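> This is the structure I want to talk about, given as structure tokens.
The values are calculated or read from the model by the stated rules, or taken from the named source; none is laboratory data. Bear in mind the structure is a predicted one, so any value in this text is a computation, not a measurement. Cβ coordinates were reconstructed from backbone atoms using ideal geometry, including for glycine residues, and neighbour counts include every protein chain displayed.
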Ligand code: C2E
Ligand code: MG
Ligand code: MG
Ligand code: MG
């Protein structure tokens, strides 16, 4: 009888596996069509420099509205796009679109583009960046590429060479979600990043966790001594803003300033940004 139950349990497990495999396949099928059917769009989230209290730039964030599923989070579809290689053409579309959008902005704001580890290991990344810059006419110094620590592990010896080629073009490179991966402080010394983005989890939980706050402070101070800017991600409240400012972060990004906005609203946001930033920083800075 025990054997029978085990067998039944296994069958349940097996059909659950089938189910999730089918769901992944279906998502993959929809994802493959999404680019051609123009289902992707970009939204832009402002980054504010705390010293100047001005908008420094915007991070491009990918959105997918599938006609059948509705909006799908990048947290759900990017991993599948990476596993299946679809991230290649999607990532190129993001890069080209973000450069073109940024070239039309009324000011020399930077545009930050997320680059997945798969793209980074691909030989064509540098060529694609060169071509996106040339086609859009964007000043390469206005382009920032955000990569995560996993890139440094995946790309092995090649990562440093790619980083140096990109920086040779004038492009800036940020280390995203710092503190969540297999963080090694050694990366910061060996790789020439311009900016460290401190993961939201440290910013968010700082209120009730002295340990997180100590981490933010340590990263900000390390960044300062290495000549790197430090961005606090996911700042939602005035309290959090006051803390990360006191802890030495140079820039902030988060819902307190603005949620990511569609490209058509950027001009309006910029026109209002003085008031928005003053209101957000009134109490805390
Ligand atoms: P990320 O690069 O760390 O982007 C920050 C994420 O935090 C974004 O989520 C943003 O909307 C969210 N966020 C910003 N401020 C706040 C806040 O105050 N509170 C909260 N709760 N969230 C905030 P999103 O747009 O869902 O993107 C999630 C992740 O998907 C990104 O994390 C990035 O890793 C990936 N991703 C997004 N677009 C792209 C892309 O074009 N290419 C690649 N390879 N990855 C992308
Ligand atoms: Mg990012
Ligand atoms: Mg991040
Ligand atoms: Mg992230």
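> Would you mind stating whether residue 243 is assigned to a helix (DSSP H, G or I) and buried (at least 17 other Cβ atoms within 10 Å of the Cβ)? Before the answer, list the steps.
On the way: assigned to a helix (DSSP H, G or I): yes; buried (at least 17 other Cβ atoms within 10 Å of the Cβ): yes.
Considered against the rule, which asks whether it is assigned to a helix (DSSP H, G or I) and buried (at least 17 other Cβ atoms within 10 Å of the Cβ), residue 243 comes out as yes.
> Still on this structure: Identify, from the list 184, 136, the residue that is out of contact with any strand residue (DSSP E or B) (no Cβ under 8 Å at 6 or more places or on another chain), more than 14 Å from ligand 2 (Cβ to nearest atom) and over 28 Å from residue 80 (Cα atoms).
Numbers: 184 fails: over 28 Å from residue 80 (Cα atoms).
Of the residues listed, the single one that is out of contact with any strand residue (DSSP E or B) (no Cβ under 8 Å at 6 or more places or on another chain), more than 14 Å from ligand 2 (Cβ to nearest atom) and over 28 Å from residue 80 (Cα atoms) is 136.
> Output the number of the condition that residue 91 fails; it satisfies all remaining conditions of (1) surrounded by fewer than 22 Cβ atoms within 10 Å (Cβ to Cβ); (2) in a helix (DSSP H, G or I).
Of everything listed in (1) surrounded by fewer than 22 Cβ atoms within 10 Å (Cβ to Cβ); (2) in a helix (DSSP H, G or I), residue 91 misses just condition (1).
> Follow-up. Quick check on my filter: what residues within segment 259-273 are in contact (Cβ under 8 Å) with a residue 24 or more places away in the chain, exposed (fewer than 14 other Cβ atoms within 10 Å of the Cβ) and in a helix (DSSP H, G or I)? Let's see the steps before the verdict.
Initial filter on segment 259-273 (in contact (Cβ under 8 Å) with a residue 24 or more places away in the chain): 259-263, 266-267, 269-270, 273.
Then keep just the ones that are exposed (fewer than 14 other Cβ atoms within 10 Å of the Cβ); that gives 259, 262, 267.
Scanning segment 259-273 gives a single hit, 267.
> Quick one: is residue 49 under 18 Å from the mean Cα position of the chain (by Cα) and within 16 Å of ligand 3 (Cβ to nearest atom)?
No: the conditions fail for residue 49.
> Of the numbered conditions (1) more than 25 Å from residue 83 (Cβ to Cβ); (2) free of Cβ contacts under 8 Å to residues at least 40 places away in the same chain; (3) crowded, with 20+ Cβ neighbours inside 10 Å, residue 130 satisfies every one except a single condition; which is it?
Condition not satisfied by residue 130: (3).
To keep it simple, each residue is scored yes or no on (1) under 23 Å from residue 118 (Cα atoms); (2) in a strand (DSSP E or B).
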{"residue": "19", "(1), (2)": "no, no"}
{"residue": "62", "(1), (2)": "yes, yes"}
{"residue": "68", "(1), (2)": "no, no"}
{"residue": "71", "(1), (2)": "no, yes"}
{"residue": "78", "(1), (2)": "yes, no"}
{"residue": "82", "(1), (2)": "yes, no"}
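> Condition check: more than 16 Å from ligand 3 (Cβ to nearest atom) and modelled with pLDDT of 95 or more. Does residue 130 satisfy that?
On the way: more than 16 Å from ligand 3 (Cβ to nearest atom): yes; modelled with pLDDT of 95 or more: yes.
Yes.
> A further question follows. With the condition kept exactly as written, say whether any residue in segment 102-117 is part of a helix (DSSP H, G or I), modelled with pLDDT of 95 or more and buried (at least 20 other Cβ atoms within 10 Å of the Cβ).
At the first step, the residues of segment 102-117 found to be part of a helix (DSSP H, G or I) are 102-103, 117.
Then drop every residue that is not modelled with pLDDT of 95 or more, which leaves 102-103.
In the following step, the residues that additionally are buried (at least 20 other Cβ atoms within 10 Å of the Cβ) were identified as 102.
Taking every residue of segment 102-117 in turn, at least one turns out to be part of a helix (DSSP H, G or I), modelled with pLDDT of 95 or more and buried (at least 20 other Cβ atoms within 10 Å of the Cβ).
> Continuing with this model, one more query. Of everything in segment 216-240 that's crowded, with 19+ Cβ neighbours inside 10 Å and in a helix (DSSP H, G or I), which residue is nearest to ligand 1 (Cβ to nearest atom)?
Filtering first and then ranking leaves 240.
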